[in-house]
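All remarks here apply to the structure that follows.
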Amino acid sequence: MQNDRKLILYIAMSLDGYIAKHDDDISFLSAVEQEGEDYGYSKFIETIDTVILGRKTYDKILAMGIDWPDGDRKVYVLTRTPKPDSGNIQFYFGSLTDLISTFKSKEGKNIYCDGGAETVHQLLQEDLIDELTISIVPVFLGDGIRLFKGGLQELKLQLVNVKSFEKGLVQMRYIRMRNL
Ligand SMILES: NC(=O)c1ccc[n+]([C@@H]2O[C@H](COP(=O)([O-])OP(=O)(O)OC[C@H]3O[C@@H](n4cnc5c(N)ncnc54)[C@H](OP(=O)(O)O)[C@@H]3O)[C@@H](O)[C@H]2O)c1
């Protein structure tokens with residue numbers, strides 16, 4: 001357990017910056033599927049005990065029938081149409097700064113932001129993301145849901161790691177540099 005918990009964005013995008021097509025198709029990710037290669041995901045997930053994601057990403061996960069997340073991780077689904085909590089899933093509508101401050105005021109593992117883009121944009125607007133692991137999939141989608149929307153303040157980052165993989169995926173890990 002630690003009390004310097006970090007909010008980490010861990011996400012994959014096409015080389016031209018999209019996380020899905022407009023119809024939520026994420027089949028471009030299959031270009032990098034390889035047996036026995038999870039691009040560090042299982043190791044990463046061991047370091048987190050809380051997940052935050054947008055309602056559209058949550059719906060997509062449900063539609064895909066994925067049993068996720070495993071274990072007893074707490075999941076916060078952002079939505080402006082709150083629903084009753086269900087098991088370890090809580091639906092949240094309120095200040096993101098307050099939510100993240102509440103997590104950080106308690107001991108625990110890191111917090112995983114799973115996306116999507118609207119959620120990332122709002123967290124970046126409030127400068128709440130401490131680390132980003134971005135996996136670039138070698139494909140141009142041409143159109144779709146952009147991971148990073150415009151109109152944000154300037155935020156300085158430090159690149160701490162870059163890895164490339166056999167299937168052409170490149171993974172970059174950045175830390176948000178504050179107080180420079
Ligand atoms: N490539 C990848 O690794 C990856 C990862 C994650 C997601 N995705 C894809 O990204 C797509 C979804 O991304 P997206 O940008 O469209 O949507 P999103 O961020 O997943 O969800 C947006 C929804 O979250 C809720 N929301 C956002 N900010 C909120 C706030 N401050 N307070 C309360 N609720 C808030 C709203 O829900 P309500 O409408 O219910 O109010 C909003 O419609 C899906 O296709 C998903 O599969 C891809």
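The values are calculated or read from the model by the stated rules, or taken from the named source; none is laboratory data. Since the structure is predicted, the reported quantities are computational estimates derived from the model, not experimental observations. Backbone-built Cβ (ideal geometry, glycine too); neighbour counts: all protein chains shown.
Tabulated data for the structure shown
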item	result
Complete set of residues in the stretch 114-139 that are touching a residue at least 60 places away in the same chain (Cβ under 8 Å), more than 9 Å from the ligand (Cβ to nearest atom) and assigned to a loop (DSSP other than H, G, I, E, B)	Leu128, Ile129, Asp130, Pro138, Val139
Residue within the stretch 80-87 that is away from the ligand (no atom under 11 Å from the Cβ) and in contact (Cβ under 8 Å) with a residue 40 or more places away in the chain present	no
Every residue from the stretch 108-158 that is among the small types (Gly, Ala, Ser), at pLDDT 95 or above, within 14 Å of Gly17 (Cα to Cα) and surrounded by fewer than 18 Cβ atoms within 10 Å (Cβ to Cβ)	Gly142
Cβ pairs under 7 Å, 6+ apart, first in the stretch 22-34 and within 11 Å of the ligand (Cβ to nearest atom), second assigned to a loop (DSSP other than H, G, I, E, B) and of a type in the set (Val, Ile, Thr)	Phe28/Val139
Identity of the residue in the stretch 60-71, more than 8 Å from the ligand (Cβ to nearest atom) and within 28 Å of Arg173 (Cβ to Cβ), that ends up surrounded by the fewest Cβ atoms within 10 Å (Cβ to Cβ)	Asp67
Filter result for Asp49 (more than 15 Å from the ligand (Cβ to nearest atom), at pLDDT below 95 and either over 23 Å from Phe165 (Cβ atoms) or not small (Gly, Ala, Ser) (or both))	no
Test set (1) among the hydrophobic types (A, V, I, L, M, F, W, C); (2) at pLDDT 95 or above; (3) away from the ligand (no atom under 12 Å from the Cβ) - Val77 fails condition number	(3)
Single residue of Lys74, Lys56 found to be surrounded by 10 or more Cβ atoms within 10 Å (Cβ to Cβ), basic (Lys, Arg) and over 20 Å from Leu128 (Cα atoms)	Lys56
